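> Before anything else, here's the structure in question.
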Amino acid sequence: MTYLNSNQLKQYKEEGYVAPLDVLTKEEALAAKKEIELIEKEMPKEIDKSGRYNVHLISPKLDAIVHNSKILDAVESIIGKNILVCSTTLFIKNPKQEEFVSYHQDAKYIGLEPHNWVTAWVAITDSNNQNGCMKMWPKSHIELKDHNQKFNEGNLLTRGQTIEGVPENEVKSVELKAGQMSLHHPRVVHGSGINKSNHKRIGFVVQSYIGTNVKQTLGKNSVQIARGKDELHHHEVIGRTKSFMSEEGISLRIKENNYLQEIFYKGSDKKGAY
Ligand SMILES: O=C(O)CCC(=O)C(=O)O
């Protein structure tokens, strides 16, 4: 059992995130990397940009990470024993490209209310200062802040959502080894810089694990039941894939990704690349 201990829970509650947590072996992380590379090879266009979501619906290996009991134990410590999965995102940063993530709060645009949910960022490769690891602003999860929508070049966020004036001297890097994860609060301010290394940085992000009381207020997305029971039925429940890139998995992923695009661009007259 890998529930959070009292220090880890304290860190999450006080700072808005907890890391590093060991969840995958090196071999499991490497197998996931190979799987992602295989999907990239098989369907390069479909998983680029706005296709980076929900690869767990076409890959039993990635689905197994979403339902990994070590991850779920840690998540249970935060949101309770009934756990649903909304979606996943691949945050891949290619070497020497100007890709970054501006400082933002997930809760500002994901539409999940109330904030009884948590995001798991699973490092498939090492993630460090050199290759653009996540950076958190501790204790910033108290309230929602104003965001500008910049739709700027290189920004991996849908609308280039940006909180200005984040005090860099207070920000902490979240360095992870492949196989470790961080858990972050819906309102914690976070972002990441460019990848200055010669290798890809890959984060497989469960965005997010939600309690059964959480509703999607901007649209619709289906959920998988990861642990416990869903007695509130706020979402359509979908199953888990059993085979790599099955037709059923591919069409379900397209459907779910279309729902996500509606959520991400609700009320916007402009559309970004993601
Ligand atoms: O992968 C990154 O650098 C940022 C990811 C992120 O913003 C998130 O997981 O909420």
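FYI, it's all coordinate maths here, none of it is from the lab. These figures come from a predicted structure and were not determined experimentally. All Cβ positions, glycine included, derive from the backbone under ideal geometry; neighbour counts span all protein chains shown.
> Does Ser251 count as under 25 Å from Lys81 (Cα atoms) and either surrounded by fewer than 15 Cβ atoms within 10 Å (Cβ to Cβ) or of a type in the set (S, T, N, Q) (or both)?
On the way: under 25 Å from Lys81 (Cα atoms): no; either surrounded by fewer than 15 Cβ atoms within 10 Å (Cβ to Cβ) or of a type in the set (S, T, N, Q) (or both): yes.
Criteria not met by Ser251.
> Also: How about the range 188-199: which of its residues are more than 13 Å from the ligand (Cβ to nearest atom) and either aromatic (Phe, Trp, Tyr) or within 17 Å of Lys135 (Cβ to Cβ) (or both)?
We begin by selecting, within the range 188-199, every residue more than 13 Å from the ligand (Cβ to nearest atom); these are 196-199.
Across the range 188-199, the qualifying residues are Lys196, Ser197.
> How many of the residues making up the range 98-125 are within 13 Å of the ligand (Cβ to nearest atom), of a type outside the set (Phe, Trp, Tyr) and assigned to a loop (DSSP other than H, G, I, E, B)? Working first, answer last.
Start the filter on the range 98-125 by keeping residues that are within 13 Å of the ligand (Cβ to nearest atom), which leaves 99-110, 112, 117-125.
From the residues that got through so far, the ones that are of a type outside the set (Phe, Trp, Tyr) too are 99, 101-102, 104-108, 110, 112, 118-120, 122-125.
Right, trim to assigned to a loop (DSSP other than H, G, I, E, B) and you get 99, 105, 110, 124-125.
Of the residues in the range 98-125, 5 are within 13 Å of the ligand (Cβ to nearest atom), of a type outside the set (Phe, Trp, Tyr) and assigned to a loop (DSSP other than H, G, I, E, B).
> Moving on. Could you grab me the full set of residues in the range 153-187 that are assigned to a loop (DSSP other than H, G, I, E, B) and away from the ligand (no atom under 15 Å from the Cβ)?
Of the range 153-187, the ones assigned to a loop (DSSP other than H, G, I, E, B) are 153-154, 156-160, 163-167, 171, 175, 177-179, 185-187.
Passing the criteria: Glu153, Glu164, Gly165, Pro167, Lys177, Gly179.
> Let me ask something additional. Take the residues of the range 251-266 that are polar (S, T, N, Q) and under 17 Å from His235 (Cβ atoms): which is farthest from the chain's Cα centre (by Cα)? Give the derivation first.
Looking only at the range 251-266, we keep the residues that are polar (S, T, N, Q), and these are 251, 257-258, 261.
Filter again for under 17 Å from His235 (Cβ atoms), leaving 257-258.
On the way: Asn257: 14, Asn258: 17 Å.
That would be Asn258.
> Given the criterion acidic (Asp, Glu), under 25 Å from Ala273 (Cα atoms) and touching a residue at least 60 places away in the same chain (Cβ under 8 Å), identify the matching residue among Asp106, Asp73.
Values: Asp73 fails: under 25 Å from Ala273 (Cα atoms).
Step by step, each of Asp106, Asp73 is checked, and only Asp106 is acidic (Asp, Glu), under 25 Å from Ala273 (Cα atoms) and touching a residue at least 60 places away in the same chain (Cβ under 8 Å).
> Sort through Asp126, Asp146 and tell me the only one that's under 17 Å from the mean Cα position of the chain (by Cα) and among the charged types (D, E, K, R). Before the answer, list the steps.
Working: Asp146 fails: under 17 Å from the mean Cα position of the chain (by Cα).
Selected residue: Asp126, the only one of Asp126, Asp146 that is under 17 Å from the mean Cα position of the chain (by Cα) and among the charged types (D, E, K, R).
> Also, quick follow-up: Go over the candidates Leu84, Leu90 one by one and state the one that is in a strand (DSSP E or B), more than 16 Å from the ligand (Cβ to nearest atom) and not aromatic (Phe, Trp, Tyr).
Values: Leu90 fails: more than 16 Å from the ligand (Cβ to nearest atom).
Just one listed residue meets the conditions, Leu84.
> Further question on the same structure: Of all residues in the range 130-146, how many are more than 12 Å from the ligand (Cβ to nearest atom) and in a loop (DSSP other than H, G, I, E, B)?
Of the residues in the range 130-146, the ones more than 12 Å from the ligand (Cβ to nearest atom) are 130, 137-146.
Going one step further and asking which of them are in a loop (DSSP other than H, G, I, E, B), we end up with 130, 138-146.
The total comes to 10.
> Can you pull out every residue in the range 25-57 that is β-branched (Val, Ile, Thr) and surrounded by fewer than 18 Cβ atoms within 10 Å (Cβ to Cβ)?
Residue satisfying the conditions is Thr25 alone.
> Is it the case that Lys266 is loosely packed, with under 13 Cβ neighbours inside 10 Å and closer than 23 Å to Glu35 by Cβ?
no
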